[in-house]
């Protein structure tokens with residue numbers, strides 16, 4: 001967005017905040033100090049109410065977040081980047097990322113396009129590259145906290161350790177690693193690799209294990225069959241036949 005473009009002011013849904021018909025604010029002036037000055041000049045009569053001021057698409061939005069006693073506090077926050085496109089290499093499909101998109105019931109699930117590599121292109125120009133990097137970004141983007149709870153650092157650490165193990169998996173060269181994974185599952189009453197429910201760790205491991213023979217590994221085989229029964233996984237496997 002160039003400095004010549006304008007940020008429009010949305011009228012707040014809060015009755016007492018009347019800022020309709022305010023002149024557009026040049027984007028180069030939509031900085032915290034300017035926003036604070038703008039709010040103080042146009043909303044003096046609602047000073048006891050605290051608002052969140054942030055940039056939303058092409059609008060400078062003022063939202064009431066709570067009532068406080070005393071001087072109002074104002075915050076300017078840029079909009080979170082949106083995913084514009086996700087491409088992937090059909091020879092190495094990002095199964096974990098696709099499952100996560102379906103799990104989150106997101107329309108992104110149908111927006112994966114074949115390309116040279118797995119990439120998520122964001123509206124701010126940033127590019128996320130790699131199967132698991134895109135999967136990790138998606139679960140955060142879709143707020144799938146049951147799959148990847150960012151607030152629980154211990155759980156996140158465990159999930160990341162199994163994502164690393166998935167990267168180590170190579171067909172016919174992983175007998176020791178598969179044995180370790182099978183032994184771990186044998187200790188998990190939940191039947192999943194981390195915690196009491198399915199997480200990104202399961203999807204990441206399934207991505208590289210679903211086509212490997214594990215019949216001799218009782219716990220691992222049982223885990224694979226249970227993951228395959230998840231409707232999101234079935235949907236993705238139909239799109240990526242092996």
Inset, instruction - Once you have the Cα-Cα distance between residue 187 and residue 91, take 0.36 nm times their residue separation minus that, and quote the gain in nm to one decimal. - result: 31.2 nm
Inset, instruction - Pop a pseudo-label 7 angstrom from the Cα along the beta-carbon direction at both residue 146 and residue 235 and give the gap in nm to one decimal. - result: 1.4 nm
Inset, instruction - Take 229, 140 and order them by how many other Cβ atoms sit within 10 Å, fewest up front. - result: 229, 140
Inset, instruction - Would you calculate the volume per residue, in Å³, of the smallest convex hull containing every Cα atom of segment 83-239? - result: 110 Å³
Legend entry - Label point distance in nm, residue 212-residue 114, each placed 7 Å from Cα along Cα→Cβ: 2.7 nm
Inset, instruction - Tell me the label-point distance for the pair residue 82, residue 196, using the 7 Å Cα-to-Cβ offset, in nm and rounded to one decimal. - result: 3.8 nm
Inset, instruction - Using Cα pairs closer than 8 Å and at least 6 residues apart in sequence, work out the relative contact order for segment 76-224, in percent. - result: 22 percent
Inset, instruction - Determine, for 148, 141, the number of other Cβ atoms within 10 Å of each Cβ, and report the residues in order from fewest to most. - result: 141, 148
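Since every read-out is calculated from the coordinates, none of them should be taken as a lab result. Keep in mind it's a predicted model, so treat the numbers as computed, not measured. Backbone-built Cβ (ideal geometry, glycine too); neighbour counts: all protein chains shown.
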